[in-house]
Amino acid sequence: MAPHIVRTDNRTRQAEPEIIAPAAAPSAPVTPVALLDDQASAVREAVRELRTKLLENSVDVGDKFPDEARKIHDGTSPARSIRGQASVGEARALLEEGIPLLPIPDLPEELN
């Protein structure tokens, strides 16, 4: 909808506002438009598959992730794939200690 704005720069002439009829509705149904092209859909599907495999093949250690990652790296805990939460500072400290880690990406539909 476009608002009708009355001009105020011409004060000598006061015209009635022009009434514009709304556009007619299309006779054919509207075709939905894809928000993602084929390449973006393929990337999203690959990330979804990777995320599923990572979640299936790892143990969730929750907020104990930094401590457990250090134990595995030091050899005091058995080697296995783990996942959990770590702050940016904790993740940076793990990387500086030479402990490899990989953030698991979230997909937009998971955040809704």
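Let's test the formula: R0 of 22 Å, r as the Cβ-Cβ distance of R92 and R70. What FRET efficiency results, to the nearest 0.05? Write down the numbers at each step before the final one.
On the way: r = 14 Å, r/R0 = 0.63.
It comes out at approximately 0.95.
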For the stretch 38-112, one quarter of the surface area of the C-alpha convex hull, expressed in nm², comes to 5.9
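How big is the charge dipole of the stretch 59-102 about its Cα centre, in debye rounded to the nearest 20, if each Lys and Arg gets +1 on its Cβ and each Asp and Glu gets -1 on its Cβ?
Working: 6 positive and 8 negative charges, 25 e Å.
It works out to roughly 120 debye.
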The simple spin-label model distance between D60 and R44, using points 7 Å out along Cα→Cβ, in nm, is 2.4
By the mean-Cβ-within-10 Å protection proxy, highest first, 61-72, 42-53, 83-94 rank as 61-72, 83-94, 42-53
Taking max minus min of the Cα coordinates of the stretch 59-102 on each principal axis, largest first, gives extents in Å of 25, 20, 15
The stretch 41-112: relative contact order from alpha carbon pairs under 8 Å, six or more residues apart, as a whole percent, is 33
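No lab work stands behind these numbers, since they all come straight from the coordinates. These numbers come from a predicted model, not from an experiment. Cβ coordinates were reconstructed from backbone atoms using ideal geometry, including for glycine residues, and neighbour counts include every protein chain displayed.
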